[in-house]
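Here's the structure we're looking at; comments come further down.
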Amino acid sequence: MEMIDGIEWRVSEAPVPYEDALAFMNERAAAIRGGTARECIWLLEHPPLFTAGTSADPAELFNPLALPVFEAGRGGRYTYHGPGQRVGYVMLDLEKRGKDVRCFVHWLEQWMIDALARFGVNAHRSDGRIGIWVGEGADEAKIGALGVRVKRWVTLHGFSLNVNPDLTHFSGIIPCGISDFGVASLASLGKQIALTVVDAALKGEFHHFLNGLEGRCKVS
């Protein structure tokens, strides 16, 4: 555990069961709101599983491998998590960093984009489609997903970046309800990068992310 800008950072080396992560987030969010715990960023992996957001459509779940499916309580639809994917859970107090959820999501996306840029990956947003994308036209594919919940102005859940997951597992769902485009990873782009190196990139861009929240969100 380390501290960055007064925020606790946790990194788990072994895959974390989803129900354990969900319990921790809920407890930490309540403690942040109550003033008894610090804000927290938690970087981890999960065992192979699917999560269902509040807009999930059962018709978009195929699940031929019978992977576990969890109700996440976040926004969005179905998402896959598994080894080789860096999940970042973001527990921040928007009451002091800007009570603007859209602004928070914007800067969460930008944090992912900036971290990927450190590896020479030109990731981008796409109008009308949630997530972070690479490529153009028919070759455009999703490399990062995000889904958040805000409870009493404390954020829960966060983002996932595909580093080197088993991309075939994504065929068990229509990821985030988008069927016309594929899924990419750093490995599929020819970049073999360790999770620890991805973590370092996220840490390196974190201050820029916080500056965005505390600057533009507070005045928007």
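Being in contact (Cβ under 8 Å) with a residue 40 or more places away in the chain, open to solvent by 10 Å² or more (accessible area, probe 1.4 Å) and among the hydroxyl-bearing types (Ser, Thr, Tyr) is the filter; apply it to segment 41-88 and report the residue that is farthest from residue 17 (Cα to Cα).
55
Looking only at segment 124-143, count every residue that is open to solvent by 10 Å² or more (accessible area, probe 1.4 Å) and either at positive phi or assigned to a loop (DSSP other than H, G, I, E, B) (or both) and tell me the total.
So the answer is 6.
Scan (1) under 17 Å from the mean Cα position of the chain (by Cα); (2) part of a loop (DSSP other than H, G, I, E, B); (3) of a type outside the set (Val, Ile, Thr) for the single condition residue 67 breaks and write down its number.
Unmet condition: (1).
Can you tell me which residue is farthest from residue 149 (Cα to Cα) among those in segment 11-39 that are among the aliphatic types (A, V, I, L, M) and not in a helix (DSSP H, G or I)?
14
Among the residues that make up segment 206-215, is at least one of them touching a residue at least 12 places away in the same chain (Cβ under 8 Å), touching a helix residue (DSSP H, G or I) at 6+ places or on another chain (Cβ under 8 Å) and open to solvent by 50 Å² or more (accessible area, probe 1.4 Å)? If you could, list the steps in order and put the result at the bottom.
Going residue by residue through segment 206-215, those that are touching a residue at least 12 places away in the same chain (Cβ under 8 Å) are 206-210, 212-214.
From what is left, the residues that are touching a helix residue (DSSP H, G or I) at 6+ places or on another chain (Cβ under 8 Å) are 206, 208-210, 212-214.
Subset that is open to solvent by 50 Å² or more (accessible area, probe 1.4 Å): 208, 214.
Yes, the conditions are met somewhere in segment 206-215.
Just for segment 40-58: of the residues that are closer than 30 Å to residue 168 by Cβ and assigned to a strand (DSSP E or B), which one is modelled with the lowest pLDDT?
By that ranking, first place goes to 52.
How about segment 105-118: which of its residues are surrounded by 15 or more Cβ atoms within 10 Å (Cβ to Cβ) and either over 15 Å from the mean Cα position of the chain (by Cα) or part of a strand (DSSP E or B) (or both)?
118 - this is the single residue of segment 105-118 that is surrounded by 15 or more Cβ atoms within 10 Å (Cβ to Cβ) and either over 15 Å from the mean Cα position of the chain (by Cα) or part of a strand (DSSP E or B) (or both).
Determine whether segment 155-172 contains at least one residue that is among the polar types (S, T, N, Q), modelled with pLDDT under 95 and open to solvent by 10 Å² or more (accessible area, probe 1.4 Å).
yes
Mind checking which pairs have a first residue in segment 1-19 that is at pLDDT below 95 and a second that is open to solvent by 70 Å² or more (accessible area, probe 1.4 Å) and in a strand (DSSP E or B), Cβ under 6 Å, 6 or more apart or different chains?
Close Cβ pairs (under 6 Å, with a partner that is open to solvent by 70 Å² or more (accessible area, probe 1.4 Å) and in a strand (DSSP E or B)) amount to 1/10.
Return yes or no: is residue 102 open to solvent by 40 Å² or more (accessible area, probe 1.4 Å) and either in contact with a Leu (Cβ under 7 Å, 6 or more places away or on another chain) or within 23 Å of residue 22 (Cα to Cα) (or both)?
Judged against the criteria, residue 102 is a match.
The values are calculated or read from the model by the stated rules, or taken from the named source; none is laboratory data. Please read all numbers here as calculations on a predicted model, not as lab measurements. Here the Cβ is made from the backbone with ideal geometry for all residues, glycine too, and neighbour counts use every protein chain on show. Just the protein is used for accessible areas: all its heavy atoms, side chains included, with ligands, DNA and RNA removed. Shrake-Rupley method; radii C 1.70, N 1.55, O 1.52, S 1.80 Å.
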